[in-house]
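Working notes, structure below.
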Amino acid sequence: MTQQQAPIHVATEGDREIVTERVFDAPRERVFQAFVDPELIPQWWGRRADTTTVDKMDVREGGEWRFVTDGPDGNTAFRGVYRAVQPPERLEQTFEWEGMPGHIVVETATFEDLGDGRTKVSTRSLFHTTEERDGMLASGMEIGLSESYERLDELLAAGGPVD
Amino acid sequence: MVQYQQQLDQAFGALADPTRRGILERLGRGRATISELAEPFGISLTGLKKHVQVLEDADLVRTEKMGRTRWCSLGPQDLAEVQRWIVGYRLMLDERLDRLGELLERTEGENA
């Protein structure tokens, strides 16, 4: 049986990550909700000077998102894929600016209930160079392949159609 | 590739500090002298110069001496596009979290 692997971070992480921590005076469910509710996103996501519109937001693992922003510097868009959706604890997604395609940031947000009605949000943004992105895609293909083999194994083990 | 990674690492190191991010934000609105920059942060000129030096080493800021005044502005025009992108991302991330706090405050008591 092939062993399924966790999503791979190809980068040597080192200094190429940005980590933030914020405490919000709101319960964890409400804070998490702000990240996954398409009606709330335009109210906080992006720069103050810009208007953000949700074009696509399919909040589930493998689901795509795309937000369009319009402001003094003109119109642009950001997109990515949700990689882990674990309400109300953790959200992981890729982030790509369409103005510089191929530079992928993997954003992870974790939500910690502080027990007094407040929530600590820790974010981690890991930058990948174009070369690493290509490596990531290649690894993704390997995972995809091993998953296919796994399903084939299961099918065969279950005595499924082999003709 | 090695040089590219060094650039990235320097940019990240430079951005790891809130004062340096503040300097970049300020310079985004136009050039400023060292003392103009030092004032809102309440730090010494020497302390500020050190921050500016780090930003200059990462090509995020350039300085130019005119007479007795040193002017600071955002990095050279040939500054790697990637570095600009990272700076923009960092500033956007901070602003995003500020706005999230405001939203949560504004909607307190409402059902999420």
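The values are calculated or read from the model by the stated rules, or taken from the named source; none is laboratory data. Note that this is a predicted model, so its numbers are computed, not measured. Because the Cβ atoms are built from the backbone with ideal geometry, glycine has one as well, and the counts that use them run over all protein chains shown.
To keep it simple, each residue is scored yes or no on (1) at pLDDT below 90; (2) farther than 20 Å from residue A:18 by Cα; (3) away from chain A (no Cβ under 12 Å).
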| site | (1), (2), (3) |
| --- | --- |
| B:2 | yes, yes, no |
| B:14 | yes, no, no |
| B:18 | yes, no, no |
| B:22 | yes, no, yes |
| B:32 | no, yes, yes |
| B:44 | no, yes, yes |
| B:55 | no, no, yes |
| B:78 | yes, yes, yes |
Exercise for review: Would you confirm whether any residue within the range A:63-83 is of a type in the set (Val, Ile, Thr), surrounded by 15 or more Cβ atoms within 10 Å (Cβ to Cβ) and more than 14 Å from chain B (Cβ to nearest Cβ)?
Suggested key: yes
Point to revise | In the range A:106-126, residue nearest to residue A:59 (Cα to Cα) [restricted to those that are more than 13 Å from chain B (Cβ to nearest Cβ) and not in a loop (DSSP other than H, G, I, E, B)] | key: A:110
Exercise for review: For residues that are of a type outside the set (A, V, I, L, M) and within 27 Å of residue A:77 (Cβ to Cβ), scanning just the range A:25-41, find the one that is farthest from the other protein chains (Cβ to nearest Cβ).
Suggested key: A:38
